[in-house]
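Remarks on the structure that follows.
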Amino acid sequence: MSKKMTSPTRTYDGVVYQLKNLTICEELSEETLLFGGDLYADGKKIGYFKNDGHGGCTDGYLEPDVRDLGAKLNESLGKYPTFPEEEKLQNVRLNLEDLAEMLAYDTLAF
């Protein structure tokens, strides 16, 4: 039986992001982390994000009433590198899907 978790928070441009109802399955993860959870921005659910754990990208499904907000949040996040510690990857910019994956991995650190 899966246990629902809540990730630690990350803040970008004053917006607090967190995954809730998060399920992680490390034992079935292959090249990437298998997870699924609801992404919240400043306490408002903006969508469901998941990764199947087979090395593919994280997929995001925005709530219909927040698509404009999702676009604004993606634009805001685009100012930040996904991998700030690796100079050669500075052109890879952060987006909601990457952020959800980072929050899932943050949960494992605790």
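The values are calculated or read from the model by the stated rules, or taken from the named source; none is laboratory data. Note that the structure is predicted; figures quoted are calculated from it, not measured. Backbone-built Cβ (ideal geometry, glycine too); neighbour counts: all protein chains shown. Accessible surface areas use protein heavy atoms only, side chains included; no ligands, DNA or RNA. Shrake-Rupley method; radii C 1.70, N 1.55, O 1.52, S 1.80 Å.
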Other-chain or far-sequence residues with amide H under 5 Å of T82's (modelled H): V92, R93, L94
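Ordering L103, L28 from largest to smallest accessible area (1.4 angstrom probe), what's the sequence?
Details: L103 0, L28 105 Å².
The most accessible residue leads, giving L28, L103.
Below 8 Å between Cα atoms, with a sequence gap of 6+, how large is the relative contact order for the chain in percent?
Values: 210 pairs, mean separation 24.2, N = 110.
Taking the mean separation of contacting Cα pairs over the length of the chain, I get 22 percent.
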Mind listing the phi-derived Karplus ³J(HN,Hα) values for the stretch 37-52, rounded to whole Hz, using 6.51, -1.76 and 1.60 with θ = phi - 60°, and x for any glycine or proline? x, 8, 8, 10, 10, 6, x, 9, 5, 10, x, 10, 10, 8, 9, 7
Cα-only Rg/Rh for the stretch 2-64 with Kirkwood Rh rounds to 0.99
Over the stretch 28-86, what is the mean sequence separation of C-alpha contacts under 8 Å (at least six apart), divided by residue count, expressed as relative contact order in percent? 25 percent
With +1 on the Cβ of every Lys and Arg and -1 on the Cβ of every Asp and Glu, and nothing else charged, how large is the dipole of the stretch 4-50 about its Cα centre, in debye rounded to the nearest 20? 320 debye
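When the dipole is taken about the Cα centre of the chain, and only Lys, Arg (+1) and Asp, Glu (-1) are charged at their Cβ, what size is it in debye, to the nearest 20? Please list the in-between numbers first.
Working: 12 positive and 20 negative charges, 86 e Å.
Computed about the Cα centre, the dipole is about 420 debye.
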Calculated Cα extents along the principal axes in Å (choose from (1) 37, 37, 24; (2) 54, 33, 17; (3) 42, 34, 26), label: (1)
State the number of lysine pairs found in the chain whose Cα atoms come within less than 21 Å, restricting to pairs 8 or more positions apart or on distinct chains. 14
